[in-house]
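Novice: First the structure, then my questions, so here it is.
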Amino acid sequence: MKQGKLIIFSAPSGAGKTTIVKHLLKKFPSLSFSISATTRELRGDEKNEKDYYFISKEDFLHKVAHQEFVEFEEVYNGTFYGTLRSEIERIWDIDKHVIFDIDVEGGLRLKRKYEADALAIFVQPPSLEVLKERLSGRGTDSAEKLAERFIKAEKELGYADKFDVILKNYDLDTACAEAERLVKEFIEK
Ligand code: 5GP
């Protein structure tokens, strides 16, 4: 197995990291998305094995016990998310770099593990208020789930300066262009 690089996009949910990651995947054929495993339910038009590996809690905990994750977390109460070692290897085996859309603590854990092979980018929304509007506007979460996401988002905004780069997402086109520049520089290094 060859070892490629890791490009980590982290942010509170609603900051726009998924949109930026999707943009980069279109621009750079040498990148491949790390499909995380999760115990949450499918949302909207998501597809199993494309957006996530949607698995049961039992299956998830079994994989934890067998050290199959490079990082995992109970991101929300009772809901687990994690990056499988086999997923990173799958992508490196096809000679690509791995790009992650992952929560803040998971992102920092990967950065600590892979150090100079990883670029950790924090996507910063204009404000907590804008973030709340974006999350509510999605209309895919219950009031209870939304409240949980708001609390987590507020905490995560405080972790920004632990990342290699803070990417401001005040305007999506500008953020995408800047993300392209950062990724190009890192993969050509
Ligand atoms: P969502 O439910 O909105 O898809 O994701 C919730 C949060 O979990 C997001 O911040 C997302 O980036 C994060 N997440 C997705 N996959 C992983 C993972 O493998 N590990 C960790 N730690 N967080 C993840």
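The values are calculated or read from the model by the stated rules, or taken from the named source; none is laboratory data. These figures come from a predicted structure and were not determined experimentally. Positions of Cβ are generated from backbone atoms using ideal geometry, with glycine treated the same way; all protein chains shown enter the neighbour counts. Just the protein is used for accessible areas: all its heavy atoms, side chains included, with ligands, DNA and RNA removed. Shrake-Rupley method; radii C 1.70, N 1.55, O 1.52, S 1.80 Å.
Novice: Consider segment 10-21. How many of its residues are more than 11 Å from the chain's Cα centre (by Cα) and charged (D, E, K, R)?
Specialist: Residues meeting the conditions: 0.
Novice: Just one of the numbered conditions (1) surrounded by 12 or more Cβ atoms within 10 Å (Cβ to Cβ); (2) modelled with pLDDT of 95 or more; (3) among the charged types (D, E, K, R) is not true of LYS26; which one?
Specialist: Only one criterion in (1) surrounded by 12 or more Cβ atoms within 10 Å (Cβ to Cβ); (2) modelled with pLDDT of 95 or more; (3) among the charged types (D, E, K, R) is unmet by LYS26, namely (1).
Novice: Quick test for you: out of PHE72, PHE54, PHE100, PHE28, pick the one residue that is more than 13 Å from the ligand (Cβ to nearest atom) and of a type in the set (Phe, Trp, Tyr). It would help to see each step written out before you state the result.
Specialist: Working: PHE72 fails: more than 13 Å from the ligand (Cβ to nearest atom); PHE54 fails: more than 13 Å from the ligand (Cβ to nearest atom); PHE100 fails: more than 13 Å from the ligand (Cβ to nearest atom).
The unique qualifying residue is PHE28.
Novice: Can you list residue pairs whose Cβ atoms sit under 7 Å apart, with the first residue in segment 1-15 being closer than 16 Å to GLU185 by Cα and open to solvent by less than 40 Å² (accessible area, probe 1.4 Å) and the second being basic (Lys, Arg) and within 8 Å of the ligand (Cβ to nearest atom)? Count only pairs 6 or more apart in sequence or on different chains.
Specialist: Correct list of pairs: PHE9/LYS17.
Novice: Quick test for you: out of GLU73, GLU105, GLU41, pick the one residue that is of a type in the set (Asp, Glu) and either over 16 Å from the mean Cα position of the chain (by Cα) or buried (at least 19 other Cβ atoms within 10 Å of the Cβ) (or both).
Specialist: GLU41
Novice: Where the second residue is open to solvent by 60 Å² or more (accessible area, probe 1.4 Å) and in a helix (DSSP H, G or I) and the first is closer than 18 Å to ILE102 by Cβ and lies in segment 133-161, which pairs have Cβ atoms under 8 Å and are six or more apart or on separate chains?
Specialist: These pairs meet every condition: ALA153/LYS132.
Novice: The conditions are (1) assigned to a helix (DSSP H, G or I); (2) open to solvent by less than 20 Å² (accessible area, probe 1.4 Å); (3) touching a residue at least 60 places away in the same chain (Cβ under 8 Å), and VAL123 fails exactly one of them. Which is it?
Specialist: Result: VAL123 fails condition (1) only.
Novice: Can you name the number of the only condition in (1) more than 11 Å from the ligand (Cβ to nearest atom); (2) open to solvent by 30 Å² or more (accessible area, probe 1.4 Å) that GLU46 fails?
Specialist: With respect to (1) more than 11 Å from the ligand (Cβ to nearest atom); (2) open to solvent by 30 Å² or more (accessible area, probe 1.4 Å), GLU46 is out only on (1).
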